[in-house]
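Below you'll find the structure, written out as C-alpha cells, and then a few comments.
The values are calculated or read from the model by the stated rules, or taken from the named source; none is laboratory data. Since the model is a prediction, treat every value here as computed from it, not as a measurement. A quick note on method: Cβ atoms are made from the backbone with ideal geometry, for glycine too, and the neighbour counts reach across all protein chains shown.
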Amino acid sequence: MYAELHCHSAFSFLDGASLPQELAATAAELGYDALALTDHDSLSGSMEFAQAAASVGIKAIHGAEVTLADGRHLTLLVQRAQGWRNLCRIVTRAHARDREPDPPPTSVELDFVLAHAEGLVCLSGCAGHGVEDLRTLRRLLAAFGPENLKIELQRPFQRHDRASNRARLASARELGVRCVATGDVHAHAYCRAPLQDAFVALRHRTTLDASEPLRRGNRTHVLAAPAVMVSRFEDHPEAVTETVELAERLSFDLTADLGYRYPGSEDEFSDRKLAELCRHAFDDRYPEGNRHRGQALSRLQEELRVIASLGLAGFFLLHRELLELARDVAVEVRGPSSARSLLPPGRGRGSSVSSIVCYLTGLSHIDPIENQLLLGRFLNEELTALPDIDLDFPRDIRAELIPRVHERYGRERSALVAAFPTFKVRGAIRELGKVLGLPPGEIERVARAADAWAREGAEEDIEVALGRRVSDSSRWKWLSKLCDEAWGLPRHLSQHSGGMIVSTQPLIDCCPVVPAAMEGRQLCQWDKDSCADAGFLKIDVLGLGMLSAVERCVDQIAQVRGESIDLSRIPFDDKATYAAIQDADTMGVFQIESRAQMASLRRTRPETLDDLTIQVAIVRPGPILGGAVNPYIARRQRVREDPDYVVPYDHPSLEPVLRDTLGTIIFQDQVLEVAMAFAGFSPGEAEGLRRAMSRKRSAAAIEAYHRRFIEGARRTNGADEEMAERIYSMIMGFSGFGFPKAHGAAFGLLAYQSTWLRVHYGPEFLCSLLNEQPMGFYPSDTLAHEAQRRGIEVLAPDINASQIECSVVAEPGKPPHAVRVGLGYLNGARREEMQALMAAREEGPFRSLADLASRAGTGRPALELLAWAGACDSLLPADAQDRRTVLWQLGITAPGERVPAGTQLSLPLDAPRPPALRPLAGWEKMVADYTTTGLTLGPHPLALLRSELPPDVVSIRDLESLRHETRVRIGGLVVARQRPGTAKGIVFLLLEDEFGTVNLVVPPAVYERFRLVVRSEPLILAEGRLEKLPVAGGAINVFVHAVSALDAPLAEAAEVVDLQARAATAAGSAQPGAAGASPATAGGGDGEDLAAPADIHDFRGVAPAIQNFAGGRRR
Amino acid sequence: MSAPRRVLQPRAARVVEDESRRPCRIGKQVVESVREVWLVEDRWWTDSPLRRRYWEVVTEDGCDLVVFRDLQAGKWYSQRD
C-alpha cells in the first residue's frame, strides 16, 4: 500500500529522535513491508537498522539524505551493491573537510554525486530543502536516468504544501519522470515529537521559544500507518503506488552484500606461514624437558587445524604484522637504550590470551598450558564471526601506532571504529534545560544533584534539587519528560577507545570514513557492534594508563637507582607483595585498588597469581549478579580455616569446570564450560548462548537456548527440570559483563607487577602514577596523602627544584625517599612557559623574586600561579616564606612582556620590602593548593577543621580501638562515591581524614533523605554505627544513619574570593597543550562533569575530582 | 522548510462543518473550495499549548478566508494575515 522511503533516526544527530530499532519495530507493528533509513550525511545507523529490520521481518532499504554544497538536500537510496559503494564514497566526501580549522558545513558537490550515480536511486529531496529547479533536475536526470530519478512529494501540513506539490508534479511531467510520496519521518512515536522539536532548537543553539521558524510546527513527522499516508496523499495516488514499486526494486541487503575481506584472507600460503612461525617459537617457549611440551604440542596442532578449517591463518598473521609494527614504534618512542626496551611493546588481553598460537606469535604473554586456559570462547569450529584480539599498549606507543597503521595499510583501507556517546541524565538536563529557557543556575543545581547513570527519574532529581514539585511548572515537567525520552539516544559521533579495522579493498566502499578529532586519524561511521555485524576484522589497540605508569616506573628506577628491571622475570612469589595485597594495602595499583576490591582482598587473601586471576575478575557485574561472589569468598575462607572442607557442587558434572573457583561461575568461559559439561552443548552452541546473553536484542534467541539447555541437561546428565533451571539461572545471572579467564590472567599479572613495584619502589611508583594522571580509581590528592602516611615524602612544587613533570628525589648513595611535584602540575600552566622557565634555570638557579621575574620568560599570570602554589616560597628568606609576600613583591616587579618576537625581559630590580601582611596559612593555604595543583601536601582539610568539630567526633585512627556496633560521628573528605547497579540502591562513600580512609555504607532510605549532601558535598560529617565483623577480615565500615555537610571556618572563607578570581584569570589564559595533567579538571568523562565556575566562597569548587557514582575518572 | 507565520489575533467564528470536520459555511458564507489545510501543534512546553487545524477556503462570493479549529477546545476561529 505504501512504503516509507524517507526517514531519519537519531543517527542524523539532533535531527531525529528515535533509534533505528524503534523505527523498525514500529514500522512492523503498523504494517509496513519496507522502510528506508535516510539519515543526514550518515550511514552510522544503517547496520543497526539492517539487523533490527531483519529481526522484525521488514525489508530494510538503505540510503542517506545528502547535503549539497549549496545547502540543498537529495535523498539517495541504494539499489544494489555498486550503489552502496558509491553512497559510502559520497558520504565520505561530504565529511572530508569536517576537521579543518573553521570547517565548511558538511556537504558534497553535485558533480561528485553525479559521478557516483550508478546503483543509486535519487529522490529530489525534502519539502524544505529539496532540489526544485529544472536545470539541476535535468543534470540529475542525465546522471541517474528516468528510472532512477524521482520527484519527491511530501505533505508536512505546512501552509503551502499543496501548491508546492503541484509545482513539483509539473516539473516531473516536464522531465518525464515519476513522483514518489515520502513522509520525512523524524520520530517513531508521538511521545518523541517534542524531543525532535527540542533537538532542532539545540542544534541551532537556541531555545524553543526562539526557534519557531526553524521547527516543523506540528507532529506530522511521526511515523504514520500506511493507510494514513495513503489518505494524506489522496491527491497523488500514483506517487503512493510508486513507493511500493520502488521499494521492490531496491534489492541491496546490507547483511549479505557488503563484500568485505580482511588483508591476508586471500593468501593461499598463510596456513603454512603461520605453522612455521609457531614451530619456530615453540622450542624457545617449550624446550626439551619442559613438563608441558607434550601437551603444548598437541594443543598447537589442534589450534592450527581449527584455524586452517576456518581459514583464519591470514587473520593471525595480520595481527602479528601489527605487533611487529608496534615493536618498531616502541623502539622509536622509548629510545633503544631505555630501560623500557626490555618490555614488550604491548600485551594481549581478553580471550585471545587463551590461544597457544597467540602465545607463540607474541600476541599474548600468558602461557595457556601453564594457566590451563580454555580455547573455546576465542576459537571453535562453529565460529561465525571473527574472533577479537585485543592488544594493550602504553599510551605513548598507542598514540604513535595508530597513524602508523593508517600509513601501513593505506588511508583508504584502515580506520578507527566509531563510538556514539549517548544522552545521559546530566548532559540532557543541561542541554534540554537550556533549550526550554530555564534559569541556568537552577539547571546546574539539578544537573549536579542528578544521578549521572540513572536510566530515568529526572523528575525526582529536579524535585530534590529545587525543593518544589515538578508538576507545578510546565517547563520543568517537560524537562523531566524530555530527559527520559532522550536517554540513550546517540548524541554525536566519537572515537572508540582503540578498535581499528583494516580491509583489502578500499574501506570507503564498505562504510563511510570520516576524519577524527585527532590529526592523522580517521574513523569509520560504524561502532563496534555494527563492525562486528559487518564481519569486519577489528583490532583493538587499547591505551592502558597502568602500562604507561609501569613503564615510566621502570625507567625511573633505572635512572635513579641504576637498576634494570625485566618485569617478566621478577619473583612471582614475593612475600612482601602478597602481604600488601592481603592487607588491601593496594591504593594506586592496577585493578585491585578500588574500594570494593579492597574490601574483598581482606577476605579472599590471594596467595598466588592464580588467586589474583580470580580476584581481578570477581568484582564485575557478571559474577555479582550471578550470585558467585559471596559463596566464593565464604568458601575460600572455609577452605583456609578447614582443610577438610568439601566444596559443594550443584551437580557432579560441574566439579571439573568449577573446581578452581570453588563451585562458582566467575569467568565468562565457565559459562561455556558449564553449558558443555552440564547440558551437552558443543563449543559453538555454548558461544552462541554467551553472545545471545550479552546482547539485548535477542530475547527470542535466548529463549531458544534456554529450551535446548534444559533438554540437553536431561539428555546428557539425566538432570531433572528443577535442577536444570537452577543451573540455567546461575548462567543467566552472569549475563552482565564478566572477564574471560585469560583476560583475568593478563590483568592479574599486571596487578601483581604494579603491586610489586609499589612495595619495593614506592617513590618511583607514586611519581609515575602522578605523571600519568588521570588514571585509576583515586585522584592524585588521595594518592599523595596515602603515600605520606606510608612515609614517602611528597614535596610541593618549587621554582628551583621541580621539573616540568613530577620527579623522584634521591640523595647520592641513598635510595630515593621523596617525590617532588612538577611545575606542569599547576592547573593552567602552559607548557611553553614552563619550558622557557626551565631553560632560564639552566643558566643558574633563580636567586630572588626579581631575578625570577626578569629571567623566567613567563607572563604575570604564570608567575602569580607559581606564587599561589607556593612554588616561589624558597626565594624568600627561610623565616619569611609566605605566599602573600611573594604575591605582593611579584606584583610590583616588572615581569617580561609578551611581544610578537617572544618575551621581552625586564630589569632585575629588587622589590621593596612588603608591608606587614597576614601570612597565607591554614585553610586559605589549603584552598590555594587545591586551586593551583589539585592536591594539598600540607595539613589535611580535616586536620584544619578538627578543632572546630563537636567533641564527640572521632577520627579514623580512633575507629581501630572502638568496638563493633559503637555509634560514631566521623568527619572526612569524600574520595569516592559509588552506587553500583548491583547493590540495590546502597551508596558507598570512601571517606578520608588525616589518618586514613574508611568505607561508609549509606542505605537507600538514608540516601533519599540526605541525597544532596551525599551526592555533592566534598566534606561531610556522618553519623552511624561501626561495623567490624571478623568475617570482613579486619575491614571497618560505618553504617550511616545521618549525614551533613562540613563547612569551612567562616572567618577565613571570605578571604578566598580574590584568589579564585586570579586563578580564573591564569587558567583562562591556558591553551590546549597546557603542560601536564590537571587533576582538578580531569574527572567526569564524556565532558559531562567538566568543572563549572566554582562557587568562590567554597572548598566545593576546588575539591579534587573523584570517582563519582561510577561516572569514573578516566583510566 | 517554511514554518507557519504569525497571524493576527483570532476571533471566534460561526462555522458549520461536515462529517469530516471540513468547514462548509463560515458565518453566512458558503464554502466553495479548500485552497490549503495546515496544522499547528506548538508551544507544548508552555502553559498554553497550541493545537490548531487551519483552513484557507474560497467562499461562493469569491472571498479568501482563513479559519482554524482549536483542536483542544473544539472551537472555530477566523484569522486573517
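The table below lists the values:
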{"read-out": "Near pairs, Cβ below 6 angstrom, 6+ apart or cross-chain, from segment A:60-75 (at pLDDT 95 or above) to any residue that is aromatic (F, W, Y) and crowded, with 20+ Cβ neighbours inside 10 Å", "value": "A:A60/A:F49"}
{"read-out": "Members of segment A:108-157 found to be within 14 Å of chain B (Cβ to nearest Cβ), crowded, with 19+ Cβ neighbours inside 10 Å and free of Cβ contacts under 8 Å to residues at least 60 places away in the same chain, listed by number", "value": "A:A127, A:G130"}
{"read-out": "Residue within segment A:889-908 that is modelled with pLDDT of 80 or more and among the small types (G, A, S) present", "value": "no"}
{"read-out": "Check on A:K477, basic (K, R) and closer than 21 Å to A:E22 by Cβ", "value": "no"}
{"read-out": "All positions within segment A:427-443 that are more than 14 Å from chain B (Cβ to nearest Cβ) and closer than 15 Å to A:C483 by Cα", "value": "A:G427, A:A428, A:I429, A:R430, A:E431, A:I443"}
{"read-out": "A:R659 being over 25 Å from A:V353 (Cα atoms) and surrounded by fewer than 23 Cβ atoms within 10 Å (Cβ to Cβ)", "value": "no"}
{"read-out": "Set A:A193, A:A239: member being at pLDDT 95 or above, touching a helix residue (DSSP H, G or I) at 6+ places or on another chain (Cβ under 9 Å) and crowded, with 19+ Cβ neighbours inside 10 Å", "value": "A:A239"}
{"read-out": "First in segment A:773-785 and within 16 Å of A:T586 (Cβ to Cβ) and touching a residue at least 12 places away in the same chain (Cβ under 8 Å), second anywhere and outside any loop (DSSP other than H, G, I, E, B) and basic (K, R), Cβ under 8 Å, 6 or more apart", "value": "A:F777/A:R595"}
{"read-out": "Qualifying residue in segment A:237-260 (condition: of a type outside the set (A, V, I, L, M), within 14 Å of chain B (Cβ to nearest Cβ), in contact (Cβ under 8 Å) with a residue 40 or more places away in the chain and under 30 Å from B:L71 (Cβ atoms))", "value": "no"}
{"read-out": "Verdict on A:T255 being assigned to a loop (DSSP other than H, G, I, E, B) and at pLDDT 95 or above", "value": "no"}
{"read-out": "Out of A:I557, A:I581, sole residue that is in a helix (DSSP H, G or I), touching an Asp or Glu at 6+ places or on another chain (Cβ under 6 Å) and crowded, with 18+ Cβ neighbours inside 10 Å", "value": "A:I557"}
{"read-out": "Filter result for A:E324 (at pLDDT 90 or above and either out of contact with any strand residue (DSSP E or B) (no Cβ under 8 Å at 6 or more places or on another chain) or of a type outside the set (A, V, I, L, M) (or both))", "value": "no"}
{"read-out": "Subset of segment A:220-236 that is within 14 Å of chain B (Cβ to nearest Cβ) and in a loop (DSSP other than H, G, I, E, B) - its residue that is nearest to A:G31 (Cα to Cα)", "value": "A:A224"}
{"read-out": "Identity of the residue in segment A:158-191, in a strand (DSSP E or B) and within 14 Å of chain B (Cβ to nearest Cβ), that ends up farthest from A:L137 (Cα to Cα)", "value": "A:A187"}
{"read-out": "Yes/no for A:M518 being closer than 30 Å to A:P403 by Cα, assigned to a loop (DSSP other than H, G, I, E, B), under 27 Å from the mean Cα position of the chain (by Cα) and of a type in the set (A, V, I, L, M)", "value": "yes"}
{"read-out": "Residue within segment A:340-349 that is modelled with pLDDT under 80, crowded, with 20+ Cβ neighbours inside 10 Å, outside any helix (DSSP H, G or I) and of a type in the set (G, A, S) present", "value": "yes"}
{"read-out": "Segment A:813-835, residues that are part of a loop (DSSP other than H, G, I, E, B) and over 22 Å from A:E764 (Cβ atoms)", "value": "A:L826, A:N827, A:G828, A:A829"}
{"read-out": "Selection from segment B:24-62 of residues that are of a type in the set (A, V, I, L, M, F, W, C) and within 14 Å of chain A (Cβ to nearest Cβ)", "value": "B:V34, B:V37, B:W38, B:L39, B:V40, B:W44, B:W45, B:L50, B:W55, B:V57, B:V58"}
{"read-out": "Criterion (among the small types (G, A, S), at pLDDT below 95, under 23 Å from A:E412 (Cα atoms) and out of contact with any Phe, Trp or Tyr (no Cβ under 9 Å at 6 or more places or on another chain)) met by exactly one of A:A115, A:A96", "value": "A:A96"}
{"read-out": "Every residue from segment A:192-219 that is within 11 Å of chain B (Cβ to nearest Cβ) and assigned to a loop (DSSP other than H, G, I, E, B)", "value": "A:T207, A:L208, A:D209, A:S211, A:R215, A:R216, A:G217, A:N218, A:R219"}
